[in-house]
Amino acid sequence: MNILLIYPKYPDTFWSFKHVLKFISKKAAFPPLGLLTIAAMLPKKWEKQLVDMNVTNLKDKHIKWADCVFISAMITQKDSVKDVIDRCNKLGTKVVAGGPVFTTGYEEFEGADHFVLGEAEVTFPQFLEDFRNGCAKHVYESDARPDITQTPVPLWDLINTKHYVALPVQYSRGCPCDCEFCDIIIMNGRVPRTKTSSQLLKELNAIYRTGHRGTVFIVDDNFIGNKSKLKKMLPKVIRWQKKAKYPFDLLTEASLNLADDEELLDLMSEAGFEKVFVGLETPAEESLAECNKFQNENRDMVTAVKTIQNHGMEVLGGFIVGFDSDPESIFDSQINFIQNIGVATAMVGILTALPKTRLYNRLKQEGRLLKSSSGNNTDASINFVPKMDREVIIRGYQRILQTIYSPKTYYERINTFLEEYKPTRKRRRIKFMDIRGLFLSIWYQGIVGKKRRYYWKFMTKAFFRHRRSFREAVTLSVYGHHFRKIVESVHKAPVTD
């Protein structure tokens, strides 16, 4: 049996980092962890190939080789998904589809022969048994939350890891928070389930054996969802990192209450965590209450972020406008909030109603849903009738992005971050990729860039005042190139349908 696993193409989004990949000779940010894990669940004697369309072109010969095609994707990839299914149909190859875009809305996709929905540890074995016996059903779905200690190590040999900026690993699933707009609890539930410490170390060893050195993204819904288990696991990761001479810089996602736990902050810092994504959303207390962001309410979020930064971790922040409770002053408030908080990588989006979320159900009941979500909340689209005037939201959103990512303002924000950022362990050795990135940064931003005087002012200050954090300064300057490209596309987005 020949199995082709296909990861559809991402559009150019905030998180694609498309415009910085050339700086470091990479083709994509992350590989498809889900498909690599599914591949490990297939019979060993079956032949397997993986085509990541973000890295290489999908050719007809790939599809013709396969007895069956497996597709997994996020909502933002759905246009590419439909193209892939159509190509497979025309070439007569069966399609098996699973992953978030199908779990929350498989009815939208015609042409797939089988849908394997929910968490694969529950639904995939039954499908596989039926498939081998020639009696597979059209849809397999379950609300069960499986024990993920039985999840296999991904088949890393199906990809060239050198094509990617970071390699992903999962430690836990589920999030104890219940934000109205979030679909995590729909897919993975509110009770965090974890892998064992030895299981995680086994996966880190597998990544190490690929030759990858650099960023490892722990892709948990909320890394600190189960703090007691985490505090028992992290010392083992620390020992592993020390023994291996810290080959990995760790990145993850967590809720803001991470700032309340000094012990956990110290452990994460010592384990090699350098970045953490946090959903900050909004400085408006009424809007935080509206979306049930209880972990951010009634606290000084600026101080909380600085506490995390003081422990050697850069905070990547998510921000949202378009809540019913937002005042028209929210756009200026967000700009001031983002600048004061020193979050250089600020993903600001317009509220979107994702399928099956509590927000989606509420808006549907109120008769305010307009269309399905693109899954990309940075494309200046709104899929529901907002309380504030739609044009005001989009114009205000565009103004936020144009302001915070203008060179002068962006470099000021990086400086705010660097003042608080306190690296707590020895930096890894400089590699050729870092040097290449620096020189390309100088060329694109310091020589041919239109605002090069701001660039040189920033780089000079970073070199003399923040020498220990100079690598971070260079990295963020490069990111700014990508963010400004995204801002340009958002600025061109139509204000009216």
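The values are calculated or read from the model by the stated rules, or taken from the named source; none is laboratory data. These figures come from a predicted structure and were not determined experimentally. All Cβ positions, glycine included, derive from the backbone under ideal geometry; neighbour counts span all protein chains shown. The area values use the complete protein model at the heavy-atom level, side chains included, leaving out ligands, DNA and RNA. Shrake-Rupley method; radii C 1.70, N 1.55, O 1.52, S 1.80 Å.
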Quiz prompt | Condition broken by G279, with the remaining ones in (1) without any contact (Cβ under 8 Å) to a residue 12 or more places away in the chain; (2) buried (at least 20 other Cβ atoms within 10 Å of the Cβ) satisfied | solution = (1)
Practice problem: Considering each residue of the range 287-306, count those that are open to solvent by 10 Å² or more (accessible area, probe 1.4 Å) and among the polar types (S, T, N, Q), and give that number. | Solution: 4
Quiz item: If a residue has to be closer than 20 Å to K64 by Cα and in contact with a Ser or Thr (Cβ under 8 Å, 6 or more places away or on another chain) to count, how many in the range 33-50 make the cut?
Solution: 1
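For the range 459-468, indicate whether the set of residues that are crowded, with 20+ Cβ neighbours inside 10 Å, at pLDDT 80 or above and not in a loop (DSSP other than H, G, I, E, B) is non-empty. Write out each step before concluding.
Kept after step one, since they are crowded, with 20+ Cβ neighbours inside 10 Å, are these residues of the range 459-468: 459, 462.
Now drop any that are not at pLDDT 80 or above, which leaves 459, 462.
From what is left, the residues that are not in a loop (DSSP other than H, G, I, E, B) are 459, 462.
Among the residues of the range 459-468, at least one is crowded, with 20+ Cβ neighbours inside 10 Å, at pLDDT 80 or above and not in a loop (DSSP other than H, G, I, E, B), which makes the answer yes.
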Quiz item: Of (1) modelled with pLDDT of 95 or more; (2) touching a Leu at 6+ places or on another chain (Cβ under 7 Å); (3) closer than 26 Å to T352 by Cα; (4) open to solvent by 20 Å² or more (accessible area, probe 1.4 Å), I159 satisfies all except one. Which?
Solution: (3)
Quiz item: Could you list, in sequence order, the residues of the range 163-208 that are without any contact (Cβ under 8 Å) to a residue 24 or more places away in the chain and either of a type in the set (D, E, K, R) or not in a helix (DSSP H, G or I) (or both)?
Solution: R190
Exercise. Of the numbered conditions (1) crowded, with 17+ Cβ neighbours inside 10 Å; (2) out of contact with any helix residue (DSSP H, G or I) (no Cβ under 6 Å at 6 or more places or on another chain); (3) assigned to a helix (DSSP H, G or I); (4) of a type outside the set (K, R), L234 fails exactly one; give the number of that condition.
Key: (2)
Quiz prompt | Residue identified as of a type in the set (A, V, I, L, M), open to solvent by less than 60 Å² (accessible area, probe 1.4 Å) and either closer than 23 Å to P355 by Cα or modelled with pLDDT under 95 (or both) among V96, V55 | solution = V96
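Each row is one residue, and each column tells you yes or no for (1) over 20 Å from L5 (Cα atoms); (2) open to solvent by less than 60 Å² (accessible area, probe 1.4 Å); (3) of a type in the set (A, V, I, L, M); (4) in a loop (DSSP other than H, G, I, E, B).
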position	(1), (2), (3), (4)
F115	no, yes, no, no
V122	no, yes, yes, no
A136	no, yes, yes, yes
D143	yes, no, no, yes
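Is it the case that F127 is of a type outside the set (K, R), open to solvent by less than 50 Å² (accessible area, probe 1.4 Å) and touching a Lys or Arg at 6+ places or on another chain (Cβ under 9 Å)?
Values: of a type outside the set (K, R): yes; open to solvent by less than 50 Å² (accessible area, probe 1.4 Å): yes; touching a Lys or Arg at 6+ places or on another chain (Cβ under 9 Å): yes.
Here the answer is yes, as F127 does meet what is asked.
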